[in-house]
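The values are calculated or read from the model by the stated rules, or taken from the named source; none is laboratory data. Owing to the predicted nature of the structure, the values given are computational and were not obtained by experimental measurement. As a convention, Cβ positions derive from the backbone with ideal geometry for all residues, glycine included, and neighbour counts pool all protein chains shown.
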Amino acid sequence: MNYPYRLTHRTFIPRLFSRHCSDTSFPPAWRALAERELSRSHQPVHALCRETEGGLHIKPVYTARDVPSAVAGELPGVFPYTRGPHATMYTLRPWTVRQYAGFSTVEESNRFYRSALAAGQTGLSVAFDLATHRGYDSDHPRVAGDVGLAGVAIDSVEDMKQLFAGIPLDTASVSMTMNGAVLPVLAMFIVAAAEQGVRPEQLNGTIQNDILKEYMVRNTYIYPPRPSLRIVSDIMGYGAQRLPRFNTISVSGYHMQEAGADATLELGFTLADGIEYLRCAQQAGLEVDQVAPRMSFFFGIGMPFYIEIAKLRAARQLWAQLVQEQFAPRNPRSLLLRTHCQTSGYSLTEQEPLNNVVRTTVEAMAAILGGTQSLHTNALDEAIALPSEFAARVARNTQLILQNETGMTWVADPLGGSYFIESLTAQLAQRARALIDEVERGGGMAEAIAQGWPKSRIEQVAARRQARIDAGEEVIVGVNKFVAENASSRETAATDRNASGSGGDVDVRAIDAEAVRRQQCARLEQLRAARDATAVRRALEQLRTAARTSGTNLLAASIEAARLRCTVGEISDALREVFGEHVPSGSVARGVYRAQLERSHTDAIPLEHILQRVEAFAQREGRRPRLLVAKVGQDGHDRGAKAIAAGFADLGFDVDVGPLFQTPEEVVRQAIAADVHVVGVSSQAAGHRTLVPELVRLLRQSGAHGVHVVCGGVIPRPDYDALYRAGVCLIFGPGTRIPDAVCKVMDVLEARPQPLAQAS
């Protein structure tokens, strides 16, 4: 039998060939047939094996010999819950369709929520803007470029009431992704519900309240780890007493995956976080059975289809075993891992965005076959800008089609008993358990995070993957392979998109951030004028006292402050005065990117030419080209910034990485002090519209005319012209190869310097 693709099909799954797979591990009859089919390529059968980034070994065929013996008797709803936390799974009740959304004003978000519920969505998932995440009111000078862009702006109970106007909070399931400013946000939700006539006992939903992963990957923290863990335990304690239907913590692996973690790292670190939170609750005097039944989890679902299915099955199995071994609960519900899932944002591409519908569908199917309890499907345009209403509707309908037209709800755990899936589940569980044991030997997840090694491992994996993509070893259709004929070059594609005034084939949602900020500031002014100022001061002082006093519940104190119309910023600042702020340490995975490029043996990247070019600049100028990688505003997503820093450093640049959450003034001061040639601004949350032009203006004003400014990240094409007019010389969209970016920056540096004052 002659297969036309022969061995070239390997390139579609970018993995190393495994040396841990011998011919003797295959059934003899199958091996004989395979050897005949492989005879023309002169390859042994074990060349068909693969090893993933996370060390999983994938064979081309599986039999009953590969399945652990214990699997045969497992059932859904029965310990260790590999096949699902409920016996009937979707046959009785399908997963909850829950779309993560929030943008602009509370009125606009409210209209979106009510429309989505009317169209078949069964739960709300609230995205807050970055100012709210970081505990700032909308009129704070540090958040001038962030209000209403990456989520909805919430400053007070009045905003929260308007956000849920016309939505009955005694029946709607509401999930809120909030960690840093979790106390004021949850307090305002409880107060808004009470003023709607809904008691805390009636509320149904989830607050994320997962601060440990913020220190690893997402970075929307405020306080240092120790007081932050006290906040977590106080919320769990209040919830155990007053919120019986509400999940007071959702342990998140999603953001680890988005930051670059492979399935083993995401699974191991997420469950290790969960164990740390149970210990935290115990130390606060809570029983495991008071807390564990109200914990939920949140995993990312990427493109490795089978691995993502196995990951969710392994997560349930491992969690049940770990909780039973370490905490011996009396309530069986304490052993259940219930999870929300979200399809990957990182897998989406700016190029040929309609391809993203297919990617999201495949990822959604993996989450469903893995047994998720609720699901968010990303919109096709999220690599370009905030989701448009059209794209959000397509994303939601993707779930409704899978739920209502495919028969996927007919059987509980339809892949249970699959030789491959059961073997892969066991392998993932084994590797993740080894990682958890490593964490435990070192003193637990809080100690590991303090030492920085989980973050470092994730960044190394991310750098290696970026190198494989840049080298074409990992295929991204429409980006580094199978590029449309009318976009045969990156320059042509960029020109076409720029001319169309959109992000390719789709319209772009634009938010007038300045108008939103003006509205929020006016509301704050009215609120402060109307409230009882004396009562506000008293409530904030009581909150500070509670923060200084162990045993006083901080959520209860925050609810009283919120009821009196204290703002998010005021409540957060009161706690800042007592707890202080967390100051992270920067790191770059140096050497990893270049080493992976060299292992890839690609001719697509003229590596030696690039290195020689950078070295020639250093010889001519007396020093290497120097780049400052900066994040401005409150956007803490730094995967792109870290990848750029690692890649440019490995290709010969001197690289400085600025702290997160800088203002344009702070970036300019650092750029001048370090005497850099280039400032590279990484943007993901649209703050570039306001903050980058201000940065360029300040550079001109300071006299640093020879410093070039470049931008990269999720920047809609309609924003390009305004940035160029402001003085930005290069813009790199998603999918740009780092070597290409290095070459373009070198083009600018090698040309005659053009003063910023003349750039416009």
Residue 567 fails exactly one of (1) in the same structural domain as residue 657 (by TED's automatic domain parsing); (2) crowded, with 19+ Cβ neighbours inside 10 Å, namely (1)
State whether the residues of region 359-380 include one that is outside any helix (DSSP H, G or I), farther than 20 Å from residue 124 by Cα and not small (Gly, Ala, Ser).
no
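When the residues of region 524-539 are filtered to those that are among the basic types (Lys, Arg) and in a helix (DSSP H, G or I), which remaining residue is nearest to residue 162 (Cα to Cα)? It would help to see each step written out before you state the result.
Filtering region 524-539 for residues among the basic types (Lys, Arg) gives 528, 531, 537-538.
After this cut, where a residue has to be in a helix (DSSP H, G or I) as well, the list is 528, 537-538.
Working: 528: 18, 537: 25, 538: 26 Å.
Among those that are among the basic types (Lys, Arg) and in a helix (DSSP H, G or I), it is 528.
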Residues in region 614-668 that are in a strand (DSSP E or B), touching a Phe, Trp or Tyr at 6+ places or on another chain (Cβ under 9 Å) and either of a type in the set (A, V, I, L, M, F, W, C) or outside the structural domain of residue 731 (by TED's automatic domain parsing) (or both) total 4
When (1) at pLDDT 60 or above; (2) crowded, with 19+ Cβ neighbours inside 10 Å; (3) in a loop (DSSP other than H, G, I, E, B) are applied to residue 43, the one that fails is (2)
Given the conditions (1) surrounded by fewer than 24 Cβ atoms within 10 Å (Cβ to Cβ); (2) of a type in the set (Ser, Thr, Tyr); (3) within 17 Å of residue 89 (Cα to Cα), every one holds for residue 339 apart from (1)
Of (1) surrounded by fewer than 24 Cβ atoms within 10 Å (Cβ to Cβ); (2) more than 22 Å from the chain's Cα centre (by Cα); (3) at pLDDT 95 or above, residue 189 satisfies every one except (1)
Scanning region 659-683 for residues that are crowded, with 24+ Cβ neighbours inside 10 Å and within 24 Å of the chain's Cα centre (by Cα), the one nearest to residue 612 (Cα to Cα) turns out to be 680
With the first residue restricted to region 393-416 and required to be in the same structural domain as residue 371 (by TED's automatic domain parsing), and the second required to be charged (D, E, K, R), Cβ contacts under 6 Å at 6 or more apart or on different chains are 413/83; 416/83
The residue that is modelled with the lowest pLDDT, considering only those in region 596-615 that are out of contact with any Asp or Glu (no Cβ under 9 Å at 6 or more places or on another chain) and farther than 24 Å from residue 459 by Cα, is 603
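Residues checked against (1) among the polar types (S, T, N, Q); (2) crowded, with 24+ Cβ neighbours inside 10 Å; (3) not in a strand (DSSP E or B):
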{"residue": "272", "(1), (2), (3)": "no, yes, yes"}
{"residue": "290", "(1), (2), (3)": "yes, no, yes"}
{"residue": "316", "(1), (2), (3)": "no, yes, yes"}
{"residue": "321", "(1), (2), (3)": "yes, no, yes"}
{"residue": "346", "(1), (2), (3)": "no, no, yes"}
Expected output for region 640-657 (first residue under 16 Å from residue 735 (Cβ atoms), partner part of a loop (DSSP other than H, G, I, E, B) and of a type in the set (S, T, N, Q), Cβ below 9 Å, 6+ apart or cross-chain) is 640/684
Practice task
State whether the residues of region 165-176 include one that is buried (at least 24 other Cβ atoms within 10 Å of the Cβ) and touching a helix residue (DSSP H, G or I) at 6+ places or on another chain (Cβ under 9 Å).
Solution key: no
Restricting attention to region 274-288, the residues that are out of contact with any Asp or Glu (no Cβ under 9 Å at 6 or more places or on another chain) and not in a helix (DSSP H, G or I) number exactly 3
Quiz prompt | Flag if residue 525 is closer than 30 Å to residue 386 by Cα, of a type in the set (Asp, Glu) and modelled with pLDDT under 95 | solution = no
Those residues of region 203-234 which are assigned to a helix (DSSP H, G or I), closer than 18 Å to residue 556 by Cβ and more than 23 Å from the chain's Cα centre (by Cα) amount to 227, 230, 233, 234
